[in-house]
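To start, the structure under review is shown below, and the notes come after it.
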Amino acid sequence: MTTIDTAIYVKPPSRVSAYLDWLQMLTGAGLIAFMWSHMILVASVNLGVKVMNAIAWFFEATYMAQVGGPLIGATMLLHFVLAARKIPFTTSEQGAIWRHAKMLHHTDTWLWVIQAVTAMIILIMGSVHMWTVLTDLPITAQKSAARIQGGFWMVFYLILLPMIELHVGIGFYRIAVKWGFIRRAERKPFKRFENILTAVMILIGLITIIRFATLAI
């Protein structure tokens, strides 16, 4: 088969693919907003146990936790399914991606690789976290502290925290680049801003984990 013959069989991007990409972006943006909001709300324990418990009570009294939790879980699953269209699952595909990433020496390509790897980890660990929390309502600072102080969960969250923040931060940057919210000349300063934001979120998360680990229960 000649090069010309091969080109004939390459399917051009379809309208459906464009719609799915748009839906992937929207679900991703929604999850980014949720994760940053979730981090800030959980970190309210650093202002006091009563503050976090009051916020948790509000979300449960208004059924935002009972309804919102499953909706976030469904959105996360939908986002993964949409993103999985472009994630290499076979050994040969993964090898090809790895070789191309090393050959291109392109930062954004490596960011995509990191995002694909963290997505797999988050899908599993994030589901475990959501199931554990939503099947043990109401949410309280004391329950969260007891879970962290259980030993296994401390390690669990120390792994999950950077995975989520890396995935969310890179996703924030890639959405802005892919959909033209920032121009090429603005990429470097925007990437620096995203790196700082990710580092701040991880720091807040670490402080919160330490707070739970030392909280009297």
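Just so it is clear, none of the values below were taken in a lab; they were calculated from the coordinates. Please read these numbers as outputs of a predicted model, since none were measured by experiment. Using ideal geometry, Cβ is built from the backbone for each residue, glycine included, and neighbour counts are taken over all protein chains shown.
Quick rundown of the values:
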| read-out | value |
| --- | --- |
| Relative contact order of region 18-214, defined on C-alpha pairs under 8 angstrom at six or more residues apart (%) | 31 percent |
| Extreme residue, positive dipole direction of region 128-217, given options T198, S144, T132 (C-beta unit charges) | T198 |
| Distance between region 70-85 and region 121-162 - C-alpha centres, whole angstrom | 20 Å |
| Extension reserve of the F58-A216 stretch, reckoned as 0.36 nm per residue once the Cα distance is removed | 54.6 nm |
| Selected from N46, W57, G69, residue furthest toward positive end of dipole (region 18-214; charges at beta carbon) | N46 |
| D136 versus Q66: modelled label distance in nm, points set 7 Å from Cα along the beta carbon direction | 2.0 nm |
| Dipole magnitude (debye, nearest 20) for region 18-214, charges at Cβ of Lys, Arg, Asp, Glu | 560 debye |
